[in-house]
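To keep things clear, I will list the structure first and then write my remarks on it.
The values are calculated or read from the model by the stated rules, or taken from the named source; none is laboratory data. Computed from a predicted structure; not experimentally measured. Just the protein is used for accessible areas: all its heavy atoms, side chains included, with ligands, DNA and RNA removed. Shrake-Rupley method; radii C 1.70, N 1.55, O 1.52, S 1.80 Å.
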Amino acid sequence: MSDESNVIGERWTAQRSRLKNNQTEFAALLGISTSYLSLIESGQRRNPSITLLRRAAKVTKRSIKYLAGE
C-alpha cells in the first residue's frame, strides 16, 4: 500500500501510531484541526508549512526532513 506520492502522509500516520494517539489527539498536539491532519495523512495535502513541520518534529522527536518526506 506504499505510494511514493504519499510518503509524508504515511510518515505522519506512522508517528501518530507510534505515539499511540488518535487523529484528534495528535492534531491537538500539533495545533491543527483533525480534518487538516486527515488531509495530510491521506495525501490530499502534501506541503505542510515549515512552522507545522517544526511543531511535528518537536512532538515526534523526528527530523523535519524525515517528516517532509525527504
Would you mind getting the accessible area per residue of the chain, heavy atoms of the protein chains only, 1.4 Å probe, in Å²? 63
What is the pair-distance distribution P(r) of region 29-70, computed from all Cα-Cα distances in 5 Å bins starting at 0, with each bin given as a whole percent? 5, 25, 33, 29, 8
Remind me, relative contact order of the chain in percent, using alpha carbon pairs under 8 angstrom and six or more residues apart? 37
Of all the accessible heavy-atom surface of the chain, with the other protein chains kept in place and a 1.4 Å probe, what percent is carbon and sulfur? 51
Read through the labelled values (i) 30, 26, 18; (ii) 27, 21, 21; (iii) 36, 20, 19 and report the label of the one computed as Cα extents along the principal axes in Å from the structure. (ii)
So what is the 222 nm mean residue ellipticity for the chain from helices alone, if each DSSP H run of at least 4 adds -39500 (n - 2.57) and you divide by all residues, rounding to the nearest 500 deg cm²/dmol? -17500 deg cm²/dmol
